[in-house]
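The values are calculated or read from the model by the stated rules, or taken from the named source; none is laboratory data. Please read these numbers as outputs of a predicted model, since none were measured by experiment. When we count neighbours, we look across all protein chains shown, and the Cβ atoms used for this are built from the backbone with ideal geometry, even at glycine. Protein only, heavy atoms only, side chains kept; ligands, DNA and RNA dropped before computing areas. Shrake-Rupley method; radii C 1.70, N 1.55, O 1.52, S 1.80 Å.
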Amino acid sequence: MPIIETNDLTMRFGPVTALDALALQVEPGVTGLVGANGAGKSTLIKILLGILTPTTGAGRVLGLDIHAQGLQIRESVGYMPEHDCLPLDMNATEFVAHMGRISGLPKSVARERTAETLRHVGLFEERYREMRGYSTGMKQRVKLAQALVHDPRLLFLDEPTNGLDPAGRDEMLALIRRIGREFGISILMSSHLLGEIERVCDSLVVIDAGTLVRSGPVANFTAHTGILLVEVELAEEAARLAGALTAAGLETRLDGRRVHVQQRDDRAFDIVRDAVAELDLPLVRLEQSRQALEDIFRPEGIERVAVA
Amino acid sequence: MSQSPERTGAIYDLGYRVYDGPRLGRRQAIESLFVQGVRSAFGLGRRPAAKVAPFVLAALALVPAVVYLGIAAIAPADLNLIATYDYLGVIFVILILFVAAVGPEIVGRDLRYRTLSLYFTRPIARDDYAIARLAALAAATLAVTLAPQAVLVIGNALAANSAWDYVRDEWLELPRIIASGAVAAAYASALGLSISSYTSRRSFAMGGIVALFFMSTAVANILAEVAGGWWILLDPGEQLRAVTLIIFNRDPSADEALGRYDVPLAAGALALLAVVAVATAIVIRRYRKVGA
């Protein structure tokens with residue numbers, strides 16, 4: 001059963017159409033919501049959470065109707081907004097426990113889970129200090145902790161790595177992956193950075209100008225447009241390899257010492273392996289082209305999507 | 001992010017625990033918002049500077065009661081300096097200042113820090129938030145409207161020849177004191193929040209609340225003089241005075257405004273009810289509309 005479903009979802013702000021008859025389905029797991037700034041990512045998340053009412057259209061989150069069952073939905077989801085949202089004059093422990101209680105946890109449970117959650121996100125002795133003094137990375141962790149404290153079934157993370165330095169970003173992404181894989185919590189994570197999505201997500205929803213461009217498992221995206229890069233030592237060897245691969249039924253393109261192989265399915269790996277072994281060539285590199293995921297955006301205008 | 005990887009790893013080994021116990025839902029959420037609101041009104045759980053204004057104002061409201069008890073201790077027995085039904089009038093300015101100082105603490109912080117988006121994505125309705133915060137401000141304001149009266153009652157009881165006799169003679173006063181204090185707290189809170197819910201800037205909210213009370217007082221008194229006595233009902237202090245007199249079942253004296261203009265007390269009570277209703281509606285409407 002899909003955890004998120006929308007049907008003909010339209011949101012207009014005056015003359016601006018943020019979502020345009022958006023129809024999508026998201027399966028359990030870690031899903032990336034990708035699109036340029038202004039594509040409608042935050043608007044979609046806010047509608048699913050019930051803090052924005054769509055102009056028209058319907059949606060279901062965890063099987064519950066976004067119009068009629070907002071309270072039940074919000075009991076089982078967590079939300080980490082893109083913007084600042086922490087009361088800086090409180091300390092993290094008191095704040096996260098408070099948010100846990102608002103989400104319905106009994107007092108003692110809220111206290112226990114606050115301690116555990118802050119530990120999971122990597123906040124230690126500083127959790128009793130006023131949040132005013134926290135670094136951006138620590139604030140992001142508290143924002144994540146308050147979304148997680150009540151053990152939600154689904155997390156909405158809006159640009160969770162915003163403002164973080166590269167090390168902080170790596171830690172945040174590792175944490176998100178852990179929450180998805182080990183904690184077993186489904187995640188819808190928006191980002192305008194493709195590299196992040198590729199590292200963390202199982203599947204992908206691409207929206208642009210409020211409409212669905214594509215969605216599906218991340219693997220599909222690379223498989224469909226994927227190019228397999230095979231590098232050998234000499235150009236002459238590469239030419240022989242390309243010939244063999246073409247003969248085996250693959251589309252190839254020769255590029256110096258490299259052969260670009262159109263990878264339609266996993267069989268391509270076997271054919272390349274067999275051909276390299278048969279010709280007894282020194283294989284230098286075999287990899288899926290890093291361009292793959294980004295290629296999806298070319299028709300939609302890649303200049304509007306930053307690449308990390 | 002300075003913790004070492006080994007340490008992180010060790011702690012991660014505790015693993016994640018699923019919660020499948022009860023979720024207490026909306027009622028507890030409203031309760032938590034209320035309690036946390038009262039706490040932040042007095043700056044509890046926050047830095048000492050946040051405690052100064054509320055505690056100083058609450059202490060100031062006690063001053064007349066303490067002074068009275070001091071005089072009563074040395075003066076002839078039957079001297080009656082402040083009657084219980086006059087106390088709210090004596091501390092009215094402090095009541096306004098308290099609401100102006102504390103209202104922005106309760107709701108302005110949520111706007112300033114944008115915490116509203118976290119509240120509104122939890123299992124509460126927007127109206128729940130408005131009601132819980134309103135109730136929190138009113139409860140905190142009881143510190144100004146009821147605490148001094150409690151000091152007076154206790155002080156008088158101890159000073160009386162027999163505390164037991166005092167309580168027996170005066171016990172009918174207690175529900176009246178509580179009722180009038182509660183009305184005053186609810187009234188000032190509704191008016192205070194109708195302004196402070198609109199701005200994240202503490203200074204704007206405080207200025208707005210103080211201006212609202214003193215401007216309406218000034219306008220009411222001028223209009224009452226030039227256009228007719230009924231205009232005095234615009235004066236927040238007189239609205240509250242009218243209700244207090246009704247609660248204590250007394251008539252206004254001839255030298256106070258309500259007596260001088262000869263306005264029925266019931267009209268003052270109606271004016272107060274109307275103000276509370278409109279102010280509450282403004283607060284609720286604000287939180288239905290505000291973006292989160």
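Structure above, values below:
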{"read-out": "With eigenvalues of the C-alpha gyration tensor scaled by 5 and rooted, the range A:227-288, Å", "value": "15, 12, 11"}
{"read-out": "Simple Cβ-charge dipole of chain B, Lys/Arg +1 and Asp/Glu -1, about Cα centre, in debye nearest 20", "value": "1780 debye"}
{"read-out": "Positive-pole candidate from B:ILE154, B:TYR113, B:ALA100, dipole of the range B:93-158, charges at beta carbon", "value": "B:TYR113"}
{"read-out": "Cα gyration tensor category, rounded, prolate or oblate, for the range B:68-193 with a/c compared to 1.5", "value": "prolate"}
{"read-out": "Average projection area in nm² (convex hull over Cα atoms of the protein assembly as shown, one quarter of hull surface)", "value": "35.9 nm²"}
{"read-out": "Share antiparallel - DSSP beta bridges, the protein assembly as shown, percent rounded to 5", "value": "65 percent"}
{"read-out": "HN-Hα J in Hz across the range B:93-99 - Karplus 6.51, -1.76, 1.60, θ = phi - 60°, x for Gly and Pro", "value": "4, 5, 4, 5, 4, 5, 5"}
{"read-out": "Selection from B:ALA271, B:ALA218, B:LEU44, by position along the positive dipole direction of chain B (Cβ)", "value": "B:LEU44"}
{"read-out": "Chains B and A together, accessible area buried on both sides, 1.4 angstrom probe, square angstrom", "value": "4400 Å²"}
{"read-out": "Rounded if a/c under 1.5, otherwise prolate or oblate - the range B:145-292, Cα gyration tensor axes", "value": "oblate"}
{"read-out": "Rounded, prolate or oblate (a/c below 1.5 giving rounded, otherwise prolate when a/b exceeds b/c) for the range A:119-181 by Cα gyration tensor", "value": "oblate"}
{"read-out": "Fraction of beta bridges assigned by DSSP in the range A:4-217 that are antiparallel (%, nearest 5)", "value": "55 percent"}
{"read-out": "Alpha-carbon gyration tensor eigenvalues x 5, square-rooted, for the range A:184-269, Å", "value": "34, 13, 12"}
{"read-out": "Angle between chain B longest axis and helix B:126-145 axis [Cα atoms, degrees, rounded to 10]", "value": "50 degrees"}
{"read-out": "Simple Cβ-charge dipole of the range A:4-217, Lys/Arg +1 and Asp/Glu -1, about Cα centre, in debye nearest 20", "value": "380 debye"}
{"read-out": "Cα centroid separation, the range A:1-45 to the range A:147-222 (Å)", "value": "15 Å"}
{"read-out": "Cα-based Kirkwood hydrodynamic radius, chain B, one decimal, Å", "value": "21.3 Å"}
{"read-out": "Carbon plus sulfur fraction of accessible area for the range A:189-240, probe 1.4 Å, in percent", "value": "57 percent"}
{"read-out": "Distance violations [Cα-Cα > 26 Å] among A:LYS143/B:LYS289; A:LYS107/A:LYS139; A:LYS107/B:LYS289; A:LYS41/B:LYS289; A:LYS107/A:LYS143; A:LYS41/A:LYS139", "value": "A:LYS107/B:LYS289"}
{"read-out": "Loop-located GluC sites (Glu not before Pro) in the range A:77-186, at most 12 other Cβ atoms within 10 Å (DSSP)", "value": "A:GLU182"}
{"read-out": "The range A:4-217 - Debye-derived log10 I(q)/I(0), Cα point model, q = 0.08, 0.10 Å⁻¹", "value": "-0.27, -0.42"}
{"read-out": "Under 13 Å, Cβ to Cβ, from B:ARG288 - net charge with Lys/Arg +1 and Asp/Glu -1", "value": "+2"}
